[in-house]
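One structure is given here, and the rest of the page talks about it.
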Amino acid sequence: MNVIDLSWWQLSLAALMVVALAGCTAAMRLGMSRSLLIAALRTVIQLALVGLVLEALFAAERLVWVVLMALAMLLIAGREVMARQKRRLLGGWAFGIGTLSMFLSSFTVAVLTLTVIIGPEPWYRPQYAIPLLGMLLGNTMTGVALALDRLTDTAWRERGVIENRLMLGEPWQVAIGDLRREAMRSGLMPMINAMAAAGVVSLPGMMTGQILAGTPPSLAVKYQILIMFAITLGTGFGTLAAVTAGSRRLFDSRERLRLDRLSTPRT
């Protein structure tokens, strides 16, 4: 099946509809028209640049360029995790914990998926490695950011309860145990909801893209199932690692709650 090509003038029609939406939000005084237009412009610029980079990467097909691209994606995702937290850990810990958690989970799952399950030749073939890692990092980033934000914000609000439990002789793991579990649940919930609704409420993005590109639906379904399982593993292990490390940072060696290690909330 041939893929229907899209010209820039056809994409401009979709862009005009976004502009019309921005006009409606401005008329209703929602205060979102500027943000909507900037986000749309960033989408065009960023995806156009990524397209050029990927074309060069696919042509070169060298491990060093794939690694550099993956590291750039990881660092950007780590910054986004830090930026999405209302009360983040000071001293670079928010960036470090988020980035390391995503590296350990997403990169491990991506490499195992490429080498053991999909098996392209070579295993780091950019056509498979970059999209897979991108989907893993994107979803893991969301889970880690939600979990860390829930952990730090709840610890601040429930500091009196935590300190009372510490004074009663409970170790720090027990004193903050309920908060850690809630933070982990908040990080995992979006992915669980996505799996529960896949194919019933909505068609996942990768599957939709493959079908539009002419891939047989049966093969697109297999790839989507694999991707969703891989994303769930990356998000799950990344969230668990981030919450474990983040909660430990909230206490010192004498098991005192150290909320001075958190930044003040941003307005």
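Within segment 178-188, is even one residue of a type outside the set (A, V, I, L, M, F, W, C), modelled with pLDDT under 90 and open to solvent by 50 Å² or more (accessible area, probe 1.4 Å)? Looking through segment 178-188, none of the residues is of a type outside the set (A, V, I, L, M, F, W, C), modelled with pLDDT under 90 and open to solvent by 50 Å² or more (accessible area, probe 1.4 Å).
Count, please, the residues in segment 155-177 that happen to be closer than 16 Å to Arg248 by Cβ and either in a helix (DSSP H, G or I) or in contact with a Gly (Cβ under 6 Å, 6 or more places away or on another chain) (or both).
Filtering segment 155-177 down to residues closer than 16 Å to Arg248 by Cβ leaves 155, 162, 166, 170-177.
Okay, now just the ones that are also either in a helix (DSSP H, G or I) or in contact with a Gly (Cβ under 6 Å, 6 or more places away or on another chain) (or both), so 155, 162, 166, 172-175, 177.
Number of matching residues: 8.
Within segment 229-261, the set of residues being more than 19 Å from Arg150 (Cβ to Cβ), of a type in the set (D, E, K, R) and assigned to a helix (DSSP H, G or I) comprises just one member, Asp260. Could you list, ordered by first residue, the pairs with Cβ atoms under 6 Å in which the first is in segment 40-65 and in contact (Cβ under 8 Å) with a residue 24 or more places away in the chain and the second is open to solvent by less than 90 Å² (accessible area, probe 1.4 Å) and among the hydroxyl-bearing types (Ser, Thr, Tyr), at least 6 apart or interchain? Qualifying pairs under 6 Å: Leu63/Tyr124. List every residue pair whose Cβ atoms lie under 7 Å apart, where the two residues are 6 or more positions apart in sequence or sit on different chains, the first residue falls within segment 196-224 and is modelled with pLDDT of 80 or more, and the second residue, located anywhere, is open to solvent by 70 Å² or more (accessible area, probe 1.4 Å). Taking only residues 6 or more apart or on different chains, the pairs are Ile211/Pro217.
If the condition is being open to solvent by 50 Å² or more (accessible area, probe 1.4 Å), at pLDDT 90 or above and among the aliphatic types (A, V, I, L, M), then segment 19-31 contributes Val19, Ala20, Leu21, Ala26, Ala27, Met28.
Note on segment 1-38: among residues that are among the charged types (D, E, K, R) and in a loop (DSSP other than H, G, I, E, B), the one that is farthest from Leu212 (Cα to Cα) is Arg29. Name the single residue that is least open to solvent (accessible area, probe 1.4 Å) among those in segment 119-167 being within 25 Å of the chain's Cα centre (by Cα) and among the charged types (D, E, K, R). Among residues in segment 119-167 that are within 25 Å of the chain's Cα centre (by Cα) and among the charged types (D, E, K, R), the one least open to solvent (accessible area, probe 1.4 Å) is Asp153.
The values are calculated or read from the model by the stated rules, or taken from the named source; none is laboratory data. Here the structure is a predicted model, which means the values were calculated and not measured. Using ideal geometry, Cβ is built from the backbone for each residue, glycine included, and neighbour counts are taken over all protein chains shown. Each accessible area value is taken on the protein alone, full model and side chains, heavy atoms only, with ligands, DNA and RNA left out. Shrake-Rupley method; radii C 1.70, N 1.55, O 1.52, S 1.80 Å.
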